[in-house]
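Worksheet: one structure, shown below.
The values are calculated or read from the model by the stated rules, or taken from the named source; none is laboratory data. If you're wondering where the values come from, they're calculated on a predicted model, not measured in any experiment. Here Cβ is always computed from backbone atoms with ideal geometry, including for glycine, and neighbour counts include all displayed protein chains. Just so you know, the surface numbers come from the protein's heavy atoms only, side chains and all, with ligands and any DNA or RNA stripped out. Shrake-Rupley method; radii C 1.70, N 1.55, O 1.52, S 1.80 Å.
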Amino acid sequence: MKDTPLSTCERDFILKAIEEKKRLDGRQTYDYRKIKISFGTDYGCCFVDLGHTRVMAQVSCELVAPKESRPNEGIMFFNIELSPLASPAFEQGRQSELSVKLNRQLERCLRNSKCIDIESLCVVSGEKVWQIRVDVHMLNNDGNLMDASSIAAIAALCHFRRPDVAVQGEEVTVYSPEERDPIPLSIYHMPISVSFSFFQQGTYLLVDPCEREERVMDGLLMIAMNKHREICSIQSSGGIMLLKEQVMRCSKIASVKVSEITELITKALTNDKTARKAGGRCGFAESMPQERITALKVDETPVETDDVAEKAIGIIEDAEAPPPTASSPVVPVPGVGQVGMGLQNTWGVEEEEEMEEFSSGDDDVEEVTKMEEQKKKDNKDDVVEISDSEEEEVVILHPEKPPKEKNVKSSFHQKGAPSSKKKTKQKN
């Protein structure tokens, strides 16, 4: 799958910004993007983040037969894999022109510069030597893959430990890490590649170009150098003619950048060694809470929390008082109720009316009973039974025994009580 080309407007915008000494991500002309170096759980695994460009390098070893021309030297092998995971422009299972170019440049930078003692990799002369294999995987492509690959490869080689070996006669014994501590590689210096991009036939120069800047550049210059200011390799591509002054200027800039990156690698190795010795979290386990697994992530934003309480109190004091809540204009109808803050509770309207009716009825009954009690005091001889409530009385009929007169009188309704009283008065 081919990558989407830049439009004419985008190309003109990038070139116009470079003329004004401005870049898309806000960097200056000679600024590098933010570099992060982290190591995996196993020795020899290194992750490098150069801005949004993410690279993983893995170092492995095995015992093989040496070359006939060099029986006392070990073998160094480099492999760069450009997978579609990094960019849709990369095809799987097929070496592109870019991968071949990066492989050759990485070999010149690390193997031809003699940064590793190859003779120390020999176990038995002419029979057994260590083959060191460095696999570099591109996880995300945002430009300047060569610089990220060289940093990841040299950091992984410094972090790698090979198994210890014992030779007894013709027998070669390889010890596991549990039996004997693994041995680090013998590294003389750390060559690091620094890339420079040129625009408008060498008029403008940028350090660490991003992916869009690489599309519009006219030429590229890659200088591999160590912290001792020794140039290990230099390569120019793009077909532009560079002056001697331009190359010398780039070499001076590269010496400063290489010393900073070398110090960063040394610090990362020291921190990892301290964490492993203390038995703390390191490698893949350490990367999980810090979200280093994903290729694209958002950095934490610092927030000042010193005077938060004072600001909150000031905001509350300056704020206007909330308006009073008005009751709902909805008029409740029978069977509808409303409950809420600031609203009148209308649940059970019918029940309240019924309770009022019952309470008024009870008051009437009490008044009637009081009047009857006074009359009883006046007429002590009269024997009249009056019920205390207006509820319907239940009369129990007994067929065998006829009811007495007194019981019949007491079973009358309350309304008939005054007439019975009049009859008793006439008899008296």
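Summary of computed values
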read-out	value
Criterion: over 24 Å from Y43 (Cβ atoms) and surrounded by fewer than 14 Cβ atoms within 10 Å (Cβ to Cβ) - qualifying residue of R108, R94, R104	R94
Failed criterion for K16 (all others in (1) open to solvent by 70 Å² or more (accessible area, probe 1.4 Å); (2) closer than 17 Å to D142 by Cα; (3) at pLDDT 90 or above hold)	(2)
Some residue of the stretch 278-287 being over 19 Å from the mean Cα position of the chain (by Cα), open to solvent by 70 Å² or more (accessible area, probe 1.4 Å), at pLDDT 60 or above and more than 30 Å from M138 (Cα to Cα)	yes
Members of the stretch 235-258 that are of a type in the set (A, V, I, L, M) and open to solvent by less than 90 Å² (accessible area, probe 1.4 Å)	I240, L242, V247, I253, A254, V256, V258
Yes/no for D31 being assigned to a loop (DSSP other than H, G, I, E, B), open to solvent by less than 70 Å² (accessible area, probe 1.4 Å), in contact with a strand residue (DSSP E or B) (Cβ under 8 Å, 6 or more places away or on another chain) and at pLDDT 90 or above	yes
Test for I223: is it crowded, with 16+ Cβ neighbours inside 10 Å and more than 36 Å from the chain's Cα centre (by Cα)	yes
Meets criteria (over 30 Å from G169 (Cα atoms), touching a helix residue (DSSP H, G or I) at 6+ places or on another chain (Cβ under 7 Å) and modelled with pLDDT under 90) for G93	no
Selected residue (criterion: nearest to A153 (Cα to Cα)) from residues of the stretch 52-77 that are in a strand (DSSP E or B) and open to solvent by 70 Å² or more (accessible area, probe 1.4 Å)	F77
Among residues of the stretch 97-130, those that are touching a strand residue (DSSP E or B) at 6+ places or on another chain (Cβ under 8 Å) and either closer than 17 Å to M222 by Cβ or not in a helix (DSSP H, G or I) (or both), counted	23
Count of the stretch 196-209 residues which are surrounded by fewer than 23 Cβ atoms within 10 Å (Cβ to Cβ), touching an Asp or Glu at 6+ places or on another chain (Cβ under 8 Å) and among the hydroxyl-bearing types (S, T, Y)	1
One residue from I315, I261 being loosely packed, with under 10 Cβ neighbours inside 10 Å, out of contact with any His (no Cβ under 7 Å at 6 or more places or on another chain) and at pLDDT 80 or above	I315
Criterion: within 30 Å of V174 (Cα to Cα) and in contact with an Asp or Glu (Cβ under 6 Å, 6 or more places away or on another chain) - qualifying residue of E62, E73	E73
Residue that is farthest from A17 (Cα to Cα), among those in the stretch 176-195 that are open to solvent by 10 Å² or more (accessible area, probe 1.4 Å) and touching a residue at least 24 places away in the same chain (Cβ under 8 Å)	P182
Positions within the stretch 131-159 being open to solvent by 10 Å² or more (accessible area, probe 1.4 Å), in contact with a Gly (Cβ under 9 Å, 6 or more places away or on another chain) and either part of a loop (DSSP other than H, G, I, E, B) or hydroxyl-bearing (S, T, Y) (or both), in sequence order	D142
